[in-house]
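The structure under discussion appears below in the form of structure tokens.
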Amino acid sequence: FSKYSRLMEMQALPEVEALLRIDMIEAIAQKIDQTAIFGTGSSNQPTGILNTTGIGSVALATNGAAPTIDSLINLKGEVAIDSLDADTAGFLINSKTEKTLSKLKDSQNNYLLDPYVSYLGEASLCGRRVVTSNNVPSNLTKGSGSNLSAIIYGDFSQLMIAMIANIEVLIDPYSDFASGKVGIRALASFDIGVRQAPAFAAIVDCVTA
């Protein structure tokens with residue numbers, strides 16, 4: 001929900017209402033992304049991948065540790081052993097983890113997360129795409145470790161996002177009629193579910209640079 005004044009409406013270019021609609025749709029999209037990744041499953045919030053019972057897990061260390069190529073292979077293997085790996089599967093990481101993984105090199109001093117070659121417009125590791133979203137948490141704790149990041153690997157076609165109704169945007173020019181203010185409200189109803197939990201696996205104790 002937001003409001004704008006009569007003066008702002010007269011002076012804004014492009015139109016302030018159009019800008020607010022764009023901002024609200026972006027906010028809803030970010031919330032869906034965040035919930036799909038880390039939704040708690042309580043207080044009417046859907047359960048995200050990281051809180052879904054039955055997904056695979058790879059632990060790095062008692063207090064967390066920096067991710068290695070071996071840990072990513074193990075993560076991919078957690079899905080593969082359940083015969084749920086797919087050519088379209090991939091890694092989902094945040095920008096902090098991307099920075100850390102981008103520095104990994106093989107014995108020939110070649111970058112493992114190739115900064116020059118992409119897979120369908122995206123980076124790749126272990127022959128699978130790597131996608132970045134800062135909605136992947138970077139504030140996790142384990143033992144004495146803090147500000148740890150998650151890495152998710154999986155077949156994201158197994159993540160169901162159901163829009164129960166179209167995004168509803170309504171304008172209210174009446175509530176603050178005397179002052180000339182206009183309210184704008186956006187509502188969205190959706191649900192999220194993981195169709196097959198073993199299609200996903202996660203590391204939740206990554207130390208990032």
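The values are calculated or read from the model by the stated rules, or taken from the named source; none is laboratory data. Quick caveat: nothing in here was measured; it's all calculated off a predicted structure. For neighbour counting, all protein chains shown are included, and Cβ atoms are generated from backbone atoms with ideal geometry for every residue, glycine included. Remember, those area values only see protein heavy atoms, side chains included, never the ligands or the DNA or RNA. Shrake-Rupley method; radii C 1.70, N 1.55, O 1.52, S 1.80 Å.
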Restricted to region 10-30 and to residues being among the charged types (D, E, K, R) and either under 14 Å from Leu170 (Cα atoms) or modelled with pLDDT of 95 or more (or both), the residue least open to solvent (accessible area, probe 1.4 Å) is Glu17
Test: Leu60 is buried (at least 19 other Cβ atoms within 10 Å of the Cβ), in a loop (DSSP other than H, G, I, E, B) and not charged (D, E, K, R)
yes
Restricting attention to region 68-107, the residues that are assigned to a helix (DSSP H, G or I) and open to solvent by less than 30 Å² (accessible area, probe 1.4 Å) number exactly 8
Considering residues that are farther than 17 Å from Ala162 by Cα and either in a helix (DSSP H, G or I) or polar (S, T, N, Q) (or both), the number found within region 1-38 is 19
The number of residues in region 185-209 that are hydrophobic (A, V, I, L, M, F, W, C) and farther than 13 Å from Gly54 by Cα is 10
Within region 71-99, residues of a type outside the set (Lys, Arg), under 18 Å from the mean Cα position of the chain (by Cα) and farther than 20 Å from Gln158 by Cβ come out as Asn94, Ser95, Thr97, Glu98
Expected single match for at pLDDT below 95 and out of contact with any Ser or Thr (no Cβ under 8 Å at 6 or more places or on another chain) among Ile164, Ile184, Ile152, Ile171 is Ile171
Filter region 39-52 for residues that are part of a helix (DSSP H, G or I) and in contact (Cβ under 8 Å) with a residue 24 or more places away in the chain; the one that is nearest to Ala150 (Cα to Cα) is Leu50
Within region 162-196, the residues that are surrounded by 12 or more Cβ atoms within 10 Å (Cβ to Cβ), outside any strand (DSSP E or B) and of a type in the set (Lys, Arg) are Lys181
When every residue in region 132-161 that is of a type in the set (Ser, Thr, Tyr) and under 19 Å from Asp85 (Cβ atoms) is compared, the one least open to solvent (accessible area, probe 1.4 Å) is Tyr153
Within region 37-54, residues open to solvent by less than 40 Å² (accessible area, probe 1.4 Å) and among the hydrophobic types (A, V, I, L, M, F, W, C) come out as Ile37, Ile49, Leu50
